[in-house]
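Student: The structure is given below, and queries will be raised subsequently.
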Amino acid sequence: MVAHLPPRFSGGALTSLSGGLTNQSYRLDVAGQRFFLRQGTPMAARLGIRRQREQILHHLAAQAGLAPALHYADPERGLLITDWVDCGGSAIDWRADDQLTRLARQVARLHAIPVAAPALELNLISHLQFYLARICIREPRLLSTFHAIRAQLMALPAVPAVFCHNDIHPENVLGEALLLVDWEYAGLGDAAFDLAVICRSFALDRLQQQQMLSAYQAAGGACELQRVRQMLVVADFVALLWARVFWESTGDLRFDTMYKTLLERCQPAEDA
C-alpha cells in the first residue's frame, strides 16, 4: 500500500485504527505531520461504492468546510488521504439538544451546496435494485418488501435533489467542527432519506426526530417531517440489502443477524 503513495507521503509510519465495517483505516505520521489514510474494501463495486463520485463530492464538501481536506485519492486502489481530525478524549453526547441542533445545521449546509452534475445522482430505487440483483438467496418476504417499498418511493411527490451524504452516523462525525467523513455513498438525492438515515443511526425517538427537523428547517433546510418518517423504512431496507450482500460475500454472521433484525422491522407504512 505505502509503495503506491506519492513521494510526499512515503516513508511515514502507519498506525492501524479500529472501527469501520469494510475499510481499513490508519493514522499516517510523516515529516512531522499527521494524516488519515484509508485503504478501501476490494468489494467496493459490489457494495455500490463509486470511487470517482466519492472523490468529487468529498472535495466539494471539504471546500465548504464540512469535511477534512482531501490530499490524495487513488480510486482504483481505494486509497484516500485526508487531514487528521483530532477528536479529543470525550465522545459527543448526541442526546443533548445543542449537539443535535449543531448536527442538523451541518446537514442543512450540506444540502444547500449547489451541485450541477446529474451523473452524481444516487437514485434510491436504482440503488435498491442494484443490491437486490447481487443477492443470491431472495426469500419471498424480501421480494415482497422490496416491491412495497419501491411502490412507496414511486408514490412520493418529486422533490429537488440535493447534495446528500447518505451515511451519517456517530462514527462519521468527527471533532469539534463536526466534520463529516466516509463519503462512499454520497450523491445527489432526497434530503428526507439523508435525514432518515440520521434518525436511525443516532437512534432518535419521535421527539428527537422532530427537534432535529425543526433545527434543520430553521437553518434553511427544506424537508417535511412526514416525508422523513416515510423514509425511515427505506433507510432500514437499504441497510438490510447492504448487509445481505456483505454476508453472502464474506460469510460474516454478524451481517446475517443484522439482515434478519432489519427484515423484521421493514414494514412499509404511511407513518413509520
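The values are calculated or read from the model by the stated rules, or taken from the named source; none is laboratory data. Bear in mind the structure is a predicted one, so any value in this text is a computation, not a measurement. Reconstructed Cβ throughout: ideal geometry from the backbone, glycine too, with neighbour counts over all protein chains shown. Heads up: the accessible areas ignore ligands, DNA and RNA and are worked out on the full protein's heavy atoms, side chains in. Shrake-Rupley method; radii C 1.70, N 1.55, O 1.52, S 1.80 Å.
Student: Just to verify a result, which residue in the range 153-168, among those that are surrounded by 14 or more Cβ atoms within 10 Å (Cβ to Cβ) and over 17 Å from Ile49 (Cβ atoms), is farthest from the chain's Cα centre (by Cα)?
Tutor: Leu156
Student: Also, I was wondering about something else. Working only within the range 177-225, note down all residues that are over 13 Å from the mean Cα position of the chain (by Cα) and at positive phi.
Tutor: Leu178, Ala203, Gly220
So that you can scan it fast, the table gives a plain yes or no per residue for (1) over 20 Å from Gln230 (Cβ atoms); (2) open to solvent by 30 Å² or more (accessible area, probe 1.4 Å); (3) charged (D, E, K, R):
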site: Arg109; (1), (2), (3): yes, yes, yes
site: Ser126; (1), (2), (3): no, yes, no
site: Arg138; (1), (2), (3): yes, yes, yes
site: Leu143; (1), (2), (3): yes, yes, no
site: Ala148; (1), (2), (3): no, yes, no
site: Ala151; (1), (2), (3): no, yes, no
site: Pro170; (1), (2), (3): yes, yes, no
site: Glu176; (1), (2), (3): yes, yes, yes
site: Leu180; (1), (2), (3): yes, no, no
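Student: For the range 106-132, give me the residue count where each residue is closer than 16 Å to Phe163 by Cα, of a type in the set (A, V, I, L, M) and over 14 Å from the mean Cα position of the chain (by Cα).
Tutor: 8
Student: Considering (1) at pLDDT below 95; (2) over 19 Å from His127 (Cβ atoms), say which one Thr82 fails and leave the rest.
Tutor: (1)
Student: Tell me, please, whether a residue that is surrounded by fewer than 20 Cβ atoms within 10 Å (Cβ to Cβ) and either in contact (Cβ under 8 Å) with a residue 40 or more places away in the chain or aliphatic (A, V, I, L, M) (or both) can be found in the range 188-201.
Tutor: No, the range 188-201 contains no residue that is surrounded by fewer than 20 Cβ atoms within 10 Å (Cβ to Cβ) and either in contact (Cβ under 8 Å) with a residue 40 or more places away in the chain or aliphatic (A, V, I, L, M) (or both).
Student: May I pose another question? Mind checking which residues of the range 53-90 are open to solvent by 60 Å² or more (accessible area, probe 1.4 Å) and basic (Lys, Arg)?
Tutor: If the condition is that a residue be open to solvent by 60 Å² or more (accessible area, probe 1.4 Å) and basic (Lys, Arg), then Arg77 is the only one that fits.
Student: What are the residues in the range 30-42 that are open to solvent by 40 Å² or more (accessible area, probe 1.4 Å) and not polar (S, T, N, Q), if any?
Tutor: If the condition is that a residue be open to solvent by 40 Å² or more (accessible area, probe 1.4 Å) and not polar (S, T, N, Q), then Ala31, Gly32, Arg34, Phe36, Pro42 are the ones that fit.
Student: Would you check which residues across the range 22-32 are touching a residue at least 12 places away in the same chain (Cβ under 8 Å) and over 14 Å from Gly78 (Cβ atoms) and list them?
Tutor: Passing the criteria: Arg27, Leu28, Asp29, Val30, Ala31.
Student: Just one of (1) open to solvent by less than 50 Å² (accessible area, probe 1.4 Å); (2) of a type in the set (D, E, K, R); (3) in a loop (DSSP other than H, G, I, E, B) trips up Asp93, so point out which.
Tutor: That leaves (1) as the condition not met.
Student: Go through the range 188-247 and give me each residue that's in contact with a Gly (Cβ under 9 Å, 6 or more places away or on another chain) and either of a type in the set (Val, Ile, Thr) or within 18 Å of Val173 (Cβ to Cβ) (or both).
Tutor: Answer for the range 188-247, where residues must be in contact with a Gly (Cβ under 9 Å, 6 or more places away or on another chain) and either of a type in the set (Val, Ile, Thr) or within 18 Å of Val173 (Cβ to Cβ) (or both): Ala191, Leu195, Leu213, Ala215, Val245.
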